Amino acid sequence: MESTSSVLYRKRPSYLQGALFVLAVLSFIGFVTSAAILSHKFGNVLLFQISGLIYGIAAILYITYFIFKNEKVSKLATLTLFTGWVIQSTAFFIRGIEAYQMGIFHPPWTNLYESLMFFPWLATTVYLYIEREYKTKAIGAFFVPVVAFLVIWGHKFNTDISPLMPALRSYWLYIHVLASFAGYAGFTVAFGASLAYLIKENAEKDVKVKPIYVIGFIVSLALLIPLGYTVLTGAKDIKTMILGIIFIILLLTFLYFATYVLKPLGRALPSRNLLSEITLKAVTISFPIWTASIILGGAWANEAWGSYWSWDPKENWALIVWLFFAAYIHGRTIGKWKGTKASWIVVAGFIMLLICYFGVNLYFPGLHSYATE
Amino acid sequence: MNYLKKIFAFLGNVKLGIFYLIVLAILSILGSTYIKQGETYFVYVREYGEDAAKIIWKLWLNNVFHSWYYQLLIVLVGLAVIVSTIERFPNIYLSAYGKVRKKLTKNQEKSINTLKYETSLPLSEALNRIKEFLFDKGFKKVEIVEQKDKEVFLFAEKGKISRLGMLVTHIGIIVFLVGAFMGSYFGIRGQIEIPEGEFRDAFIKFREGSLQPSMDPNDIVKLPFAIKVNKFWLDYYDSKEFKGAIKSFNSEIEIWKDGKLVEKKVVQVNNPTDFGGYRIFQASYGKTGDIKYAKLIVVDYTKMLDLMKKVSDVQKALQTEKDPKKLEQLKKIMKGLETESVVLFSQAPRIDYYYGQKYIEVNGTKLAVVNQTLNYKNPMLVNQNVYDPVIVVSLEKNGKRFNIPILADPNVAIPAFNQFGYANGFKYLIMIEEFEPRYFSGLQISKFPGTNLIWLGTIIVVMGTMLAFYTVHRRVWIKLEEQDGKTKVVILPYSQKFKESFDESIKTDLPKYLGIDNQKES
C-alpha cells in the first residue's frame with residue numbers, strides 16, 4: 001500500500017477526445033455557414049427544410065429500431081438525428097448573419113417560425129444528452145417524430161426575416177427567450193418519459209385492453225386531427241377557444257386510451273424506475289431554468305412595460321406551468337409519488353405548456369402578441 | 001398543545017401543498033381566458049349579457065388575480081411553505097450534516113442495494129482503480145476509513161450542500177411573496193401623454209387588473225414633480241429592405257421640482273429612468289395633429305402672375321406660329337421663362353415656423369397665426385401618415401381683417417391665395433415647403449415598493465432550486481477484501497435523488513475499472 005494519507009484527491013481527466021469532436025462539428029458548421037453567406041446560393045430556410053427532412057428520416061429509423069431492435073439501425077438513427085441537429089444549428093447561424101447583412105440583426109428566435117425551429121432544436125439537444133446519459137433509445141421513437149413534425153410544419157408560417165419591433169430590441173431577448181425555450185424543451189422530454197411510464201406501467205401490470213379503450217382511442221384520434229387543424233388555423237375568437245378546450249379534453253382522453261392501447265410497446269421500453277427518473281431529471285433540470293426565465297422576463301418588463309408583472313396571458317400561463325411542475329416536484333420527491341399520479345401531473349403540466357406556447361401566441365391577446373407570425 | 005401540533009402538521013402537509021399549487025394553477029387559468037380582466041361592468045354586460053356579467057362580477061372573474069380567494073390562497077401557500085420548512089428542514093439537515101458512520105457495517109452489507117464484485121486484481125491495485133472510478137464519478141475525495149492487511153474500508157461523499165436547497169428555495173419564496181404583496185397593495189401604475197414642449201405633473205392610474213387608463217377622475221395621481229417633454233423623435237432601421245421600419249422611439253424629458261430643473265434625461269423603449277421612487281417608461285407615442293415645424297416659401301405673387309401671363313402668351317403663340325425660325329425663337333423664350341420661374345421659386349425667401357409661434361413675419365408684415373393642423377381634410381388620417389397641412393394666418397389691411405390659409409399643395413394653395421390673399425391686397429404667396437409633425441410622448445409611470453425584494457427573493461429561489469436539483473447528495477461505502485489472491489469488492493451506493501442512474505452507472509462502469517469482463521454480481 002503506497003498511500004499513507006487517508007484522504008485521496010482526484011486527478012484531472014483528459015478532455016482531448018471531446019474537444020476534438022466539438023472542433024470537428026464546429027468547423028463543419030463554420031464551413032457550411034461561410035459557403036452559404038459567400039455563395040448566396042442557399043439560405044437558412046433551405047437548410048431548415050433539409051434538417052426537417054433529416055429529422056423525418058431519423059424518426060423512421062428510431063421507429064424501425066423500436067420495432068426490430070437492430071443495433072446498427074439504432075446507431076444510424078442517432079447519427080442521423082445528430083446530423084439533422086448540426087445542419088439545423090448551421091441554419092441558425094446563417095439566419096443570424098443574413099439578418100445582420102440586412103441591417104436588422106436579431107437573434108434567430110423572435111417570431112413564430114423561428115421559435116418553431118428553435119424549440120425542436122433545443123429539445124433535440126436535451127434528448128441527445130438524455131440518450132447518452134441513460135443509454136436508452138426507446139423514447140426516441142416517440143420524441144423524434146414530434147421534432148420532425150414541428151420543423152416541417154413550421155414552414156407553413158412566414159419564413160421571412162423581419163425587423164424587430166422596438167420593445168423587443170433588448171439584450172434581455174437573448175437570455176429570457178433562450179431560458180424559456182430551454183424550459184420548454186426540458187418539460188417536453190419529461191412529458192415523453194412520463195407517457196412512456198404510463199404505457200410501461202399498463203404493460204407490466206398486464207391490464208386487459210377492453211374494446212372500449214380501442215374504440216375510444218380510435219374515435220378520439222379521428223376527432224383530434226380535424227379539430228386540431230380547425231383550432232390551429234381558426235380565427236382568434238371565442239368559438240376557437242371553446243374548440244380549443246374541447247381539443248384539450250380530447251387530447252387527454254386520447255392519451256389516456258393510448259396508455260392502454262399502446263401497451264404492446266411497453267416491452268420495448270426501459271424499466272419504470274428509469275423512466276420515472278428520466279422524468280424527474282428532465283423536470284429538475286428545466287425547473288430552475290423556467291423559474292429564471294420568468295424572472296428574466298420580469299426584469300425585462302420592468303424596463304419595457306411599466307412593471308415586472310402585468311398579469312399578461314403569457315405570464316399567467318408560464319406561472320401555471322411553473323405551479324404544475326412545482327406540484328410534480330413536491331409529489332415526486334417528498335410525497336414519493338413515483339408512479340401514475342406524478343406522471344399525470346407531468347402530462348397535465350405539458351398540456352399547460354402547449355397552451356402557454358401555442359394557445360397564447362395564437363389566441364390570447366396580450367403584450368406577447370408579437371409572437372403570432 | 002397536541003391540537004396545535006396537529007394543525008401544524010396539517011398545514012405543512014405535502015399533499016395539502018400540492019393541492020394548493022394545483023388549485024392556484026386552476027384559478028390562474030380562470031384569469032387567463034377569453035374573459036378580459038379589469039374591464040368595467042358595462043363592458044361585460046355588453047359582451048356577455050346581463051346575467052353572465054352578474055356571475056362574472058360576483059365570482060370576481062373580471063379580476064381573478066386581485067380577488068379575495070386568490071390572495072387567500074397565496075397566503076395559505078406562504079403559510080404552508082413556512083410550516084413545512086420548519087417541520088422538515090431540521091431532519092434533512094441532520095441527515096446530511098449530522099454524524100455518519102463511515103465504515104460499512106455488516107447490516108449494510110446485507111442490504112439489497114449493495115453491489116458485490118470479485119476481481120483478480122491484487123488489493124492495492126483494486127484500491128487504486130476504485131479511487132480512480134470514484135474520482136471520475138465526481139467525488140472530490142475518498143476517505144480510507146480503516147486499513148488492515150487484507151481489508152480496506154472506504155467512504156466517499158459529495159453534494160451535501162444539495163440538502164440546503166429546500167430551505168434556500170423556500171426562504172426565497174417568502175421574500176418574494178412579501179415583495180409581491182407590497183407591490184400589489186402599495187404599487188401604482190398609470191400613464192400620461194405629454195405633447196412635445198409641455199409639462200405634466202399628474203398621471204392617470206390604470207384600472208385594477210388592466211393596462212387601460214381609468215375613467216374615474218379620482219384615479220388621477222399627482223406627482224411630487226413635473227415632467228416636461230422637450231423633444232420626441234423616432235429612430236429608424238438602417239436597412240435597404242426595411243426602409244421606414246421603426247427601431248425605437250425616444251423622449252428627452254426634464255424633471256422639474258419646486259420650479260427648478262433637477263434632471264434631464266432621455267427615456268427610450270427598454271430604457272426607463274428613475275426619479276423619486278417612480279419609474280418613467282417610454283411606452284407609446286402619437287401625433288398631436290399639430291405642425292411642429294414648417295419651412296415656408298414666400299413668393300412675390302405679382303412677379304409670379306407676370307411670369308405666368310408671359311408663359312401663357314408664348315404658349316398661345318407656339319400653337320399658332322408656323323414659321324420654323326420664329327418657332328425656334330419662341331421655344332428659346334419659353335426656356336428662358338422656365339428658368340426664370342425656377343429661379344423665382346428657388347430664390348424666394350424661406351421662413352421657419354415653429355409650433356407655438358404667434359406671428360409669421362413676411363417682408364415686414366406681421367401675420368398672426370390663427371390656427372394650424374396637419375390634415376384639415378381628415379385629422380384622423382394623420383396617424384396613417386396622410387397629411388394635408390394648413391397654417392391659417394390673419395392680417396389687417398385697409399381696415400379689414402381677413403384670414404389666409406397657407407397650404408402645401410400648389411394646386412390648392414395658389415387658387416386659395418388668389419381668393420383669400422391677393423383679392424384682399426396681400427402680395428405674397430406663402431406655401432408650406434417642408435413640415436414635421438408634432439408628437440406626444442406616451443409615458444408609463446409606476447411606483448412599486450418591494451421590487452428589490454422581488455429580485456432578491458427570485459434570485460434566491462433560482463439559486464435554491466439549482467442547489468437542490470443541479471447537485472446531488474451522494475455517499476458510497478466500500479469494503480475491499482483480499483481472499484485467495486482475489487479481491488472482493490462490496491459497494492453500497494446512496495443517492496438522495498437520481499438513484500437509478502447512479503446505480504446504473506456503477507453497474508456498467510465499475511466492472512470496467514476492475515477489469516471484470518462479465519458483470520459478475522453475487
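The values are calculated or read from the model by the stated rules, or taken from the named source; none is laboratory data. Keep in mind it's a predicted model, so treat the numbers as computed, not measured. With ideal geometry, Cβ positions are generated from the backbone for all residues, glycine too; neighbour counts draw on all protein chains shown. Ligands, DNA and RNA are excluded from the accessible area calculation, which covers all protein heavy atoms including side chains. Shrake-Rupley method; radii C 1.70, N 1.55, O 1.52, S 1.80 Å.
Over both sides of the A-B contact, add up the buried accessible area with a 1.4 Å probe and give it to the nearest 100 Å².
Counting protein atoms only, the buried area is about 6200 Å².
Give me P(r) over the protein assembly as shown, computed from all C-alpha to C-alpha distances, binned every 10 Å, as integer percentages.
2, 9, 15, 18, 17, 13, 9, 6, 4, 3, 2, 1, 0, 0
Using 0.36 nm times the number of residues separating B:Phe225 and B:Leu318, minus their current alpha carbon distance, what extension gain do you get?
26.3 nm
Return the carbon/sulfur percentage of the accessible area of the protein assembly as shown, one whole number, probe 1.4 Å, all protein chains in place.
In the protein assembly as shown, the share of accessible area belonging to carbon and sulfur is 62 percent.
Please list, ordered by chain and number, the residues whose modelled amide H lies under 5 Å from the amide H of B:Gly286; skip anything fewer than 5 residues away on the same chain.
Long-range HN contacts for B:Gly286: B:Phe440, B:Gly442.
Quick check: pseudo-label points 7 Å beyond the Cα along Cα→Cβ at B:Glu433 and B:Phe345, how many nm apart are they?
The answer from the label model is 1.1 nm.
Kindly flag which residue pairs out of A:Lys281/B:Lys141; B:Lys303/B:Lys331; B:Lys103/B:Lys131 have an alpha-carbon separation exceeding 18 Å in this structure.
Exceeds cut-off: A:Lys281/B:Lys141; B:Lys303/B:Lys331.
Mind listing P(r) for the stretch B:121-212? All alpha-carbon pairs, 10 Å bins, whole percents.
Calculated over all Cα pairs of the stretch B:121-212, the distribution is 12, 20, 14, 12, 10, 10, 10, 8, 4, 0 percent.
Say a site is exposed when it is one of the chymotrypsin sites (Phe, Trp or Tyr not before Pro), sits in a DSSP loop, and has at most 11 other Cβ atoms within 10 Å; what is then the longest site-free stretch of chain A?
Longest stretch, sites excluded: A:172-373.
Taking the Cα centre of the stretch B:393-522 as the origin and placing charges on Cβ (Lys, Arg +1; Asp, Glu -1), which of B:Tyr422, B:Phe498, B:Leu456 is farthest toward the positive end of the dipole?
B:Tyr422
So how compact is the stretch B:293-438: Cα radius of gyration and Dmax in angstrom?
18.3, 59
What helices does chain A hold that run 18 Å or longer along their axis, going by alpha-carbon atoms, with a Kyte-Doolittle average of 1.0 or more, using DSSP H for the helix calls?
Membrane-span-like by this criterion, though nothing is claimed about a membrane: A:16-39, A:44-68, A:140-153, A:211-233, A:238-261, A:340-354.
Please compute the modelled spin-label separation between B:Lys377 and B:Glu241, points set 7 Å along Cα→Cβ, answer in nm with one decimal.
Here the answer is 3.5 nm between the modelled labels.
Cut-off under 18 Å on the C-alpha distance; same-chain residues fewer than 8 positions from B:Lys260 excluded. Which lysines are left, in chain and number order?
Hits, sequence-local ones excluded: B:Lys222, B:Lys228.
Output wanted: per-residue J couplings in Hz (rounded whole) for the stretch B:95-108, from phi through Karplus 6.51 cos²θ - 1.76 cosθ + 1.60, θ = phi - 60°, x for Gly and Pro.
5, 9, 9, x, 6, 10, 7, 8, 8, 4, 8, 4, 5, 4
Work out how much length B:Lys335 to B:Tyr470 would gain on full extension: take 0.36 nm times their residue separation and subtract the Cα-Cα distance, in nm to one decimal.
Numbers: separation 135, 0.36 × 135 = 48.60 nm, distance 8.50 nm.
Gain on stretching B:Lys335 to B:Tyr470: 40.1 nm.
Relative to the longest principal axis of chain B, what angle (0 to 90°, nearest 10) does the C-alpha long axis of helix B:165-186 take?
With rounding to tens, the tilt is 30 degrees.
Give me Rg/Rg_expected for the stretch B:2-96, where Rg uses Cα atoms only and Rg_expected = 2.2 N^0.38 Å with N residues.
1.51
Let me understand chain A better: what is its radius of gyration from the alpha carbons, and its Dmax, in angstrom?
When restricted to Cα atoms, chain A yields Rg and Dmax of 22.0, 78 Å.
Counting other Cβ atoms within 10 Å of each Cβ, which trypsin sites (Lys or Arg not before Pro) in the stretch A:128-229 have at most 10 and sit in a DSSP loop?
Filter output for the stretch A:128-229: A:Lys208.
Are there any residues in the stretch B:470-519 with a reduction of at least 50 Å² in accessible surface when going from the isolated chain to the assembly of protein chains? Probe 1.4 Å, please list them by number.
B:Tyr470, B:Phe498, B:Glu500, B:Ser501
Take the alpha carbon atoms of the stretch B:390-466, find their center, do the same for the stretch A:237-315, and report the distance between the two centers in whole angstrom.
49 Å
Name the GluC sites (Glu not before Pro) in the stretch B:227-328 that are in a loop by DSSP and that have at most 16 other C-beta atoms within 10 Å, would you?
Details: sites: B:Glu241, B:Glu252, B:Glu254, B:Glu263, B:Glu321, B:Glu328; in loops: B:Glu241, B:Glu321.
Passing sites in the stretch B:227-328 are B:Glu241, B:Glu321.
Normalise the Debye intensity by I(0) for the stretch B:266-364, one equal point scatterer per Cα, no solvent, then take log10 at q = 0.18, 0.21, 0.24 Å⁻¹ and round to two decimals.
Once normalised to I(0) and log-transformed, intensities are -0.94, -1.06, -1.18.
With a 1.4 Å probe and all protein chains kept in place, how much accessible area does B:Thr320 have, in Å² rounded to the nearest 10?
In the full protein context, B:Thr320 sits at about 100 Å².
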